Amino acid sequence: MSNVESGRFRIRSVNVAKTREGLRERRPGVISDCLCRCFGGPVAHISAGVEYALHCLLFLIEAEQIDQPASARDLAELQKISPEFVAKLFTKLQKAGIVVAREGIGGGFALARPATDITALDVIEAIDGRKPLFECKEIRGQCALFGDRTPAWAEDGVCSIHAVMIEAEKRAREVMAGHTLASIAGRAAAKAPREHAGDIKDWLAARTPQRRRRGAAAKSG
């Protein structure tokens with residue numbers, strides 16, 4: 001992997017096929033595969049934080065069905081990732097109005113609105129912000145044939161390359177806005193064995209007593 005600094009932006013060159021295989025080896029599971037199918041493969045400018053946030057939110061749907069808020073620690077342990085990393089993600093998700101915090105030892109996070117009202121695009125913008133897919137550098141005006149004077153026609157209107165990228169970004173945003181947490185969860189559930197959802201609910205339900213014990217130990221200490 002090589003990094004090239006260009007102004008304020010870092011351009012990363014990656015081996016997409018290798019990256020996809022690496023992610024699947026580290027994070028096997030039906031939800032990862034479902035997300036790739038939803039978006040037609042990995043999207044280079046979307047961070048790993050978005051993927052983990054979507055995973056967490058899908059688990060919150062399961063938690064909601066048993067009226068059991070999940071803590072950042074629970075979600076981190078369930079996915080074998082850092083609790084601090086999950087906490088940072090949920091700070092952004094809470095600020096964006098996607099999740100709410102439930103106070104107390106048995107508390108945690110819950111969806112702030114129905115899963116049918118939260119789109120993949122909402123989550124992407126909450127975690128990564130709204131970033132353009134492409135930034136035109138107006139290279140078209142730098143042709144050596146122009147010498148010191150770039151003709152007006154060369155810089156008139158939107159760059160033809162930029163126009164393609166604008167169209168691609170528009171379509172990508174439409175696709176991501178068309179998928180909700182509920183629809184992604186439905187796809188995952190259709191692929192997973194029926195008992196898998198029950199196993200997740202059982203695992204989450206078992207976390208409340210442990211959180212209470214940790215809270216009691218903290219108070220006594």
### Query
List the aspartates and glutamates whose alpha-carbon lies under 12 Å from that of LYS92, not counting same-chain residues fewer than 8 positions away?
ASP122, GLU125, ASP128
### Query
For region 58-140, which trypsin sites (Lys or Arg not before Pro) are both in a DSSP coil and crowded by at most 11 other Cβ atoms within 10 Å?
LYS80, ARG130
### Query
So between ALA112 and ALA192, what do we pick up on full extension, going 0.36 nm a residue minus the alpha carbon distance?
26.2 nm
### Task
Mind computing the radius of gyration and Dmax over the alpha-carbon atoms of region 54-100? Å is fine for both.
10.0, 26
### Summary
Ordered by number, the GluC sites (Glu not before Pro) in region 38-145 that occupy a DSSP loop and have at most 14 other Cβ atoms within 10 Å are GLU103, GLU135, GLU138
### Task
Heavy atoms only, probe 1.4 Å: what % of the accessible area of region 89-191 goes to carbon and sulfur, would you let me know?
57
### Query
From the phi of every residue in region 121-134, what ³J(HN,Hα) in whole Hz does the Karplus formula 6.51 cos²θ - 1.76 cosθ + 1.60 yield, where θ is phi - 60° and glycine or proline is x?
5, 4, 5, 4, 6, 5, 8, 9, x, 9, 10, x, 5, 8
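Per residue, how large is the accessible surface of region 48-127? Use a 1.4 angstrom probe and give square angstrom.
44
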### Query
Taking the Cβ-Cβ separation of LYS201 and THR91 as r and a Förster radius of 25 Å, what is the calculated FRET efficiency to the nearest 0.05?
0.45
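The values are calculated or read from the model by the stated rules, or taken from the named source; none is laboratory data. The shown structure was predicted, so the numbers you read here are calculated from the model rather than taken from an experiment. Don't worry about glycine lacking a Cβ; one is built from the backbone with ideal geometry, like all the others, and counts go over all protein chains shown. The accessibility values were calculated without ligands, DNA or RNA, using every heavy atom of the protein model including side chains. Shrake-Rupley method; radii C 1.70, N 1.55, O 1.52, S 1.80 Å.
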